[in-house]
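The values are calculated or read from the model by the stated rules, or taken from the named source; none is laboratory data. Bear in mind that the values here come from a model prediction, so they are computed numbers and not experimental data. Because the Cβ atoms are built from the backbone with ideal geometry, glycine has one as well, and the counts that use them run over all protein chains shown. Just so you know, the surface numbers come from the protein's heavy atoms only, side chains and all, with ligands and any DNA or RNA stripped out. Shrake-Rupley method; radii C 1.70, N 1.55, O 1.52, S 1.80 Å.
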Amino acid sequence: MQPGYDPLARVATLDRFFVQQQFAPIANIYRISAVGPDGNPAEPVAYVRQKRMKIREQIDFYADESQSVPLLRLRARKVFEFRGMTDVLLPNGGQVIGSVKKNFAMSLLRSSWSVLDPAGREVATAREKSMFFAVLRRVWALIPFVGDIPYFIPFHFDIHGPDGRLLGTYVRRWALRDRYLMDLSGDPQRWLDRRVMMAFTVALDALQDR
């Protein structure tokens, strides 16, 4: 990494993020990339590590593959956080720049999340696009043995602003390992903090079933 380079400044310029989960025996590993004109991943912008079986959920983002330069952190607000409230923090000083929250009551049939600003105001909601596929996904998970087989049915979210305007989408790409594309092209004014939304790309996979 070049001296003086600010990786979060690069993140702030992006409207699309490509997320790829990678195999690791004791942790969930993700690589987040910018997206090229062909819709495929371009240069990496973050490397993510989620340790498994932690009492207090924490997911760390790094600017480099060696995980020597902290970038962001997702951390549950409380131990055994049943409300699904998770803060996005900067590495130096732990400043909260936003939060994500799973709306459990609304998620019984179709998953729903809220994105909050540092003051706790809702700036966006993300909800599964298809009720049919949302219910089918739940039924699949309940079938003995079958529920352990990788699930290839589409897993798509629409992201709306408080005024109902469509700001973006989150789409699962077909693959054995999870691969997602978040597209925020509907938010050219950058109403949504791209740092928080990059963290949200991982939360929607890693924390979805909490």
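Structure values in brief
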item	result
Segment SER185-ASN40, length gained on full extension (0.36 nm per residue, minus Cα span)	50.6 nm
Exceeding the 18 Å Cα-Cα cut-off - candidates LYS102/LYS129; LYS51/LYS129; LYS78/LYS129	LYS51/LYS129; LYS78/LYS129
Residues whose placed amide H lies under 5 Å from that of ALA124, excluding near-sequence neighbours	VAL115
GLN22 long-range amide H proximity, modeled H, under 5 Å	ILE29, TYR30, ARG31
Rounded to the nearest 10 Å², the accessible area of VAL96 at probe 1.4 Å	50 Å²
Calculated FRET efficiency for the pair ILE29/ALA119, C-beta based, R₀ 35 Å, to 0.05	0.60
